[in-house]
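What follows is a short report on a single structure.
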Amino acid sequence: MTELKKLTDDIYVSAQITETDFAELSKLGVTSIICNRPDGEDPGQPSFEQIKQWAARNGMTAEHNSLVSGQLSPEHIELQGAFFNNTDGKKLAYCRSGMRSTTLWALSQKGRLTGAEILETAANAGYDLSPMAGMFG
């Protein structure tokens, strides 16, 4: 199982997931997944279509918010925020390492949480967003 890191009671982040991870995700109660990787970022990486099919087979929904490193846009933040804030149930966001997904979560929570709360939540999950502290409020 890919290591999941818990941001909140209903939001996890992780590195790339595989087909074998879906049984454990189901056991944890995850109902929605968002992929923050572009297809083909790494050799052998499952395509988003594969992830979407595996999710459907396990009673989950899957969304794609493909973010190429260094090409963050307001639309990425808006889509991620809608996913985190408007989707019921437990959610997983994944990318290559979990950092991109955590960063998108953090940026989407600006105005909902204080900058200190965002930094602390990310740090508790093992992600240091302190270099970006000024972006959170």
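Remarks
- Residue match in segment 92-106 (condition: among the charged types (D, E, K, R), assigned to a helix (DSSP H, G or I) and under 26 Å from Met1 (Cα atoms)): yes
- Selection count, segment 107-118, where residues are surrounded by fewer than 13 Cβ atoms within 10 Å (Cβ to Cβ) and not aliphatic (A, V, I, L, M): 2
- Conditions (1) under 27 Å from Thr20 (Cα atoms); (2) under 15 Å from the mean Cα position of the chain (by Cα): number failed by Asn85: (1)
- Criterion (among the hydroxyl-bearing types (Ser, Thr, Tyr), surrounded by 14 or more Cβ atoms within 10 Å (Cβ to Cβ) and under 18 Å from Asp21 (Cα atoms)) met by exactly one of Thr61, Thr121: Thr61
- Scanning segment 124-137 for residues that are closer than 29 Å to Ala23 by Cβ and among the small types (Gly, Ala, Ser), we see that the one that is surrounded by the fewest Cβ atoms within 10 Å (Cβ to Cβ) is Gly126.
- Residues of segment 114-137 satisfying the condition of being of a type outside the set (Gly, Ala, Ser), at pLDDT 95 or above and out of contact with any strand residue (DSSP E or B) (no Cβ under 9 Å at 6 or more places or on another chain): Thr114, Glu117, Leu119, Glu120, Asp128, Leu129, Pro131
- A search for C-beta distances below 7 Å between a residue of segment 77-106 that is surrounded by fewer than 20 Cβ atoms within 10 Å (Cβ to Cβ) and any residue that is at pLDDT 95 or above and assigned to a helix (DSSP H, G or I), counting only pairs 6+ apart in sequence or on different chains, returns Gly81/Ser108; Lys90/Leu28.
- Filtering segment 19-47 to residues that are buried (at least 16 other Cβ atoms within 10 Å of the Cβ), touching a Phe, Trp or Tyr at 6+ places or on another chain (Cβ under 9 Å) and under 20 Å from Asp88 (Cα atoms) leaves Phe22, Leu25, Val30, Ser32, Ile33, Ile34, Cys35, Asn36.
- Every pair of residues 6+ apart whose Cβ atoms lie under 8 Å, when the first sits in segment 1-20 and is free of Cβ contacts under 8 Å to residues at least 60 places away in the same chain while the second is in a loop (DSSP other than H, G, I, E, B) and not charged (D, E, K, R): Glu3/Ala15; Thr18/Thr2; Thr18/Pro46; Glu19/Pro46; Thr20/Met1
The values are calculated or read from the model by the stated rules, or taken from the named source; none is laboratory data. No experiment lies behind these values; they were computed from the predicted model shown. Backbone-built Cβ (ideal geometry, glycine too); neighbour counts: all protein chains shown.
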